[in-house]
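The next block holds one structure in the form of structure tokens; read it before the comments.
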Amino acid sequence: MSGSRAAIVACGALLLLSGLFLPPEWFVPLPRNSAPPPPPISGFTLVQITLFVEGLLVMWLGLRRWPQRVSSAVGDYLLPDATRENDLDGRLSLWLLGAITLAALVLRIVSLNNDLWIDELTPVRAYRDASMLQVAVTYTSSNNHLLNTWLVNACIRLFGQHEWAIRLPAMLWGTATIPALYWVARQAMSRFASLSAALLLAVSYHHIFFSQNARGYSAYLFLSLVSSVLLVKALGSDRRSTWVAFVVTTVVNFAALLISGFVFAAHVIVGGLAVLTVKRQGGPWAPLLRRLVGVFGLITFLGFQLYAAAIPQMYVLMRTVYTESTSGYSLFSLELVTEITRGLTAGFGTGLLLGAIPFLGLAVVGYVILMRRHWILALALTLPCVLQTVLLIVQGLTFSPRFYILALPLAIMVVVQALTSASEVVARRLRRSDNFAWWCTVAGIVVLCLASIAALPRYYTVPKQPYRAALAFVEESREPGSAVVVIHYASAGVRYYMEQTGISNSDYEPNVRTVEELDEALATRQGQPIWLLTTFPRALRLGVPDLDARIKRDWEIVRTFPATIGDGQILVWRQKQ
């Protein structure tokens, strides 16, 4: 047996023994705030099983006879060259891409220190003192986006607990997505079109929003784009280094966000379609199939191992949280349409949004052209949203527009392709030159950029949730000795910013969730003027309707503080006289 084989067998034996004799002391998840239903299996037991199976598999791989490596490169059967007609110089394109990326960085730094919203600050409160291992084995909330939590904890330890430090990982991932989209677009589009796509993403209201959102979405977007291109490159060249990069990127994407599983499933489907296409054309489909089975199998095992300890907790949480109406929207509901419209209007304005409706037909043409140019890439970016929608419908789970952030770069590419194709058609009809078509495309890109940039000033001045302003207003307005009752969904943010601003909590009841708790708080403060702080009025109305009705009956709104998070405005109430 060769040295490399012996090393593989020894590694497998070590994994097997680890599964058998893993000490239970290492498995110390953080305590939960509530008592959920018990999971069907312990996370510790699941880790033991996966290590044992992994050890057997690795030992088998070390002992078996390895076949001679046969190339599975199928670029000639599947992959087109990037469009090069009437294109920009390569060096000039790189300089322009650098300038666009720098501008994107600046746009994502502005107002990075605005108030955190509840989904940003709850992981900080829950995990800031936890070790990396505790973060990995604890799933008390779907807000624990594993990679982001690790990086945020590191930034807090390095720079302190500042809003900009907490958002720094998301901001950097978001900035890196600009050149990533250029790389993606170059697989099917010209340098000019790819730069246009990168520019639109750089100034995109919605992408800036997610780049300043201390969660895993910007990392997920970057890694999903990069892994999709790596799959394309690996299929074309069959280089071992590219396959390794694809495996690593996909597994890291699992750590970024759980919905990256839909990206992986899309890649599996695309890989299967690639095998069928090569087989139909008489190409080397068998080596490609073996390569894909090995690569996808390795990714599946590593991804499962990554979350093995937390999977039972995830199962229980997903079956409870995402069936509640407060966690999202029903697919066939006016509320979902209203929320999507609100988000699009915030980024583009009502006028441009209405004007875009006739453009949808042209966008369909742009998507068809993109599919013809590079169906592998187009499907790799389209199928994750389709698969996620199917699962949510089948399982009866709620929808949220943020689940579909991966549709943003695809939509931008489709828009650029639609503008380019429309400009070419107009130029031919008017018997004008290609230069005229180019300027028409530039004009369309400029209009879209200006529409998105026009929405940024308000975005920068309005926090995602304005806790500091609301608390400052209450402290300035309430009478000496008056009490402040903080209702349900506002409690986490108010308590966090009370700590940050040094406000004494002697006059605050910071976590009232039921009518009974409200009555108890009022009884202990008889004769005192009572103020209320609430947020997420829709969630309050759906989640605790009797408490919502009681507040509306006995209190009146004094001030509303707007937020960029949908339904995230903070309401200040005073008891009716």
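The values are calculated or read from the model by the stated rules, or taken from the named source; none is laboratory data. Everything quoted here is computed from the prediction, not taken from an experiment. Ideal geometry is used to build each Cβ from the backbone, glycine not excepted, and the neighbour counts take in all protein chains shown.
Tabulated data for the structure shown
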item	result
Residue list for segment 228-274, filter: more than 16 Å from Pro384 (Cβ to Cβ) and touching a His at 6+ places or on another chain (Cβ under 8 Å)	none
Scope segment 21-56; condition surrounded by fewer than 11 Cβ atoms within 10 Å (Cβ to Cβ) and either at pLDDT below 70 or not in a loop (DSSP other than H, G, I, E, B) (or both); matching residues	Phe21, Pro24, Glu25, Pro31, Asn33, Ser34, Ala35, Pro37, Pro38, Pro40
Filter pass, Ala454 being surrounded by 16 or more Cβ atoms within 10 Å (Cβ to Cβ) and of a type outside the set (Phe, Trp, Tyr)	no
Positions within segment 242-270 being without any contact (Cβ under 8 Å) to a residue 12 or more places away in the chain and either within 21 Å of Ala286 (Cα to Cα) or not in a helix (DSSP H, G or I) (or both), in sequence order	Val244
Single unsatisfied condition, Ala198 versus (1) within 24 Å of Val414 (Cα to Cα); (2) small (Gly, Ala, Ser); (3) surrounded by fewer than 20 Cβ atoms within 10 Å (Cβ to Cβ)	(3)
Test: Ser196 is hydroxyl-bearing (Ser, Thr, Tyr), part of a helix (DSSP H, G or I), over 20 Å from Ser260 (Cβ atoms) and touching a residue at least 60 places away in the same chain (Cβ under 8 Å)	yes
Val184 being closer than 30 Å to Ser72 by Cβ and either in the same structural domain as Ser423 (by TED's automatic domain parsing) or modelled with pLDDT under 95 (or both)	yes
Qualifying residue in segment 426-437 (condition: touching a residue at least 24 places away in the same chain (Cβ under 8 Å), of a type outside the set (Lys, Arg) and closer than 19 Å to Ser228 by Cα)	no
Residue selected from segment 201-241 under the condition over 23 Å from the mean Cα position of the chain (by Cα) and crowded, with 24+ Cβ neighbours inside 10 Å, by the criterion nearest to Leu273 (Cα to Cα)	Leu235
Residues (in a helix (DSSP H, G or I) and not β-branched (Val, Ile, Thr)) located in segment 136-151	Ala136, Leu146, Leu147, Asn148, Trp150, Leu151
Selection count where residues are of a type in the set (Gly, Ala, Ser) and modelled with pLDDT of 95 or more, scope segment 225-243	2
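Quick grid of which residues meet (1) at pLDDT below 90; (2) out of contact with any helix residue (DSSP H, G or I) (no Cβ under 7 Å at 6 or more places or on another chain); (3) over 26 Å from Ser211 (Cβ atoms):
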site: Val425; (1), (2), (3): yes, yes, yes
site: Val446; (1), (2), (3): no, yes, no
site: Ala454; (1), (2), (3): yes, yes, no
site: Pro466; (1), (2), (3): no, yes, no
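Results for (1) more than 14 Å from Ser224 (Cα to Cα); (2) modelled with pLDDT under 95, shown as yes or no for each residue.
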site: Ala245; (1), (2): no, no
site: Thr249; (1), (2): no, no
site: Gly261; (1), (2): no, yes
site: Val293; (1), (2): yes, yes
site: Gly297; (1), (2): yes, yes
site: Phe304; (1), (2): yes, yes
site: Ala308; (1), (2): yes, yes
site: Ile311; (1), (2): yes, yes
site: Met314; (1), (2): yes, yes
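Rundown of residues vs (1) of a type in the set (Gly, Ala, Ser); (2) assigned to a helix (DSSP H, G or I); (3) closer than 16 Å to Ile369 by Cβ; (4) assigned by TED's automatic domain parsing to the domain that holds Ser111, yes/no style:
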site: Ile412; (1), (2), (3), (4): no, yes, yes, yes
site: Val415; (1), (2), (3), (4): no, yes, yes, yes
site: Leu419; (1), (2), (3), (4): no, yes, yes, yes
site: Ala422; (1), (2), (3), (4): yes, yes, yes, yes
site: Ala427; (1), (2), (3), (4): yes, yes, no, yes
site: Phe436; (1), (2), (3), (4): no, yes, no, yes
site: Ala443; (1), (2), (3), (4): yes, yes, no, yes
site: Ala451; (1), (2), (3), (4): yes, yes, no, yes
